[in-house]
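S.K.: Sending over a structure as structure tokens; questions will come in a sec.
Only the coordinates and a few stated rules stand behind these numbers; no lab work does. Because the structure is a prediction, the values reported are computed rather than measured. Note that each Cβ is placed from the backbone with ideal geometry, even for glycine, and that neighbours are counted across all protein chains shown.
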Amino acid sequence: MARYTGPVCKLCRREGEKLFLKGARCFSAKCAFEKRSYPPGQHGLSRRGKLSEYGIQLREKQKVKRIYGVLEKQFKNYYVKAAQQKGVTGENLLKLLESRLDNVVYRLGFAPSRKAARQMILHKHFTVNGRVVNVPSFLMRPGDVVAVRDKSKKMGIIHETLRRVKDENLVPWLRLDKAKLEGEFLEFPNREDIPIDVQESLIVELYSK
């Protein structure tokens with residue numbers, strides 16, 4: 001499985017905003033972005049010119065790729081699939097990304113970050129509809145139930161993360177049962193229910209050129 005393995009704090013600094021890629025660390029004083037909010041590299045502190053229209057579109061695409069932890073080829077495949085579906089292409093793209101198993105595990109609070117969720121899925125700690133799934137990019141569908149495997153229910157990282165999850169902060173398209181350590185994918189989310197600050201229309205403009 002191809003994935004980015006470099007330092008993730010540099011990704012936040014490059015995009016000029018927190019992407020919350022390291023879970024609880026992003027909310028602590030150890031967050032690298034709080035110390036160095038300028039882009040990484042030798043010329044990070046130097047003044048940069050205004051971005052072109054293409055540059056703005058590219059940065060938005062890179063930001064979304066980094067938030068969800070997908071590489072270019074896979075991201076392009078999601079875009080092609082989104083463009084073939086009915087509705088607004090940009091919104092369809094985000095719905096596909098949000099329906100990934102690693103994202104759902106993260107949203108439910110079973111993992112502190114999407115990166116951690118991917119690792120846990122690869123190690124077969126979760127089931128979907130009663131069957132073990134170890135593919136982070138598995139796309140959930142309405143009615144699918146993801147659950148922590150019995151042998152994994154005592155994992156400290158799961159309980160520690162769940163303690164920070166407030167019911168009112170759970171996205172409305174997921175249902176969480178903390179007692180059973182399982183959650184249900186109720187429906188594909190509406191755009192207003194996806195809590196990320198991105199302009200997906202810029203990505204559509206970029207790929208439409």
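S.K.: Inside the stretch 71-107, can you point out the residues that are in contact with a strand residue (DSSP E or B) (Cβ under 8 Å, 6 or more places away or on another chain), surrounded by 22 or more Cβ atoms within 10 Å (Cβ to Cβ) and closer than 19 Å to K61 by Cβ? Step through it out loud before you land on a result.
M.R.: Residues of the stretch 71-107 that are in contact with a strand residue (DSSP E or B) (Cβ under 8 Å, 6 or more places away or on another chain), as a first pass: 96, 99-101, 104-105, 107.
Still in the running and surrounded by 22 or more Cβ atoms within 10 Å (Cβ to Cβ): 100-101, 104-105, 107.
Passing the criteria: only R100.
S.K.: Just give me the residues in the stretch 190-209 being surrounded by 14 or more Cβ atoms within 10 Å (Cβ to Cβ), not β-branched (V, I, T) and not in a helix (DSSP H, G or I), in sequence order.
M.R.: Q199, the sole residue that qualifies.
S.K.: Follow-up. Restricting attention to the stretch 162-189, which residues are loosely packed, with under 15 Cβ neighbours inside 10 Å and in contact (Cβ under 8 Å) with a residue 60 or more places away in the chain?
M.R.: The answer is R164, and nothing else.
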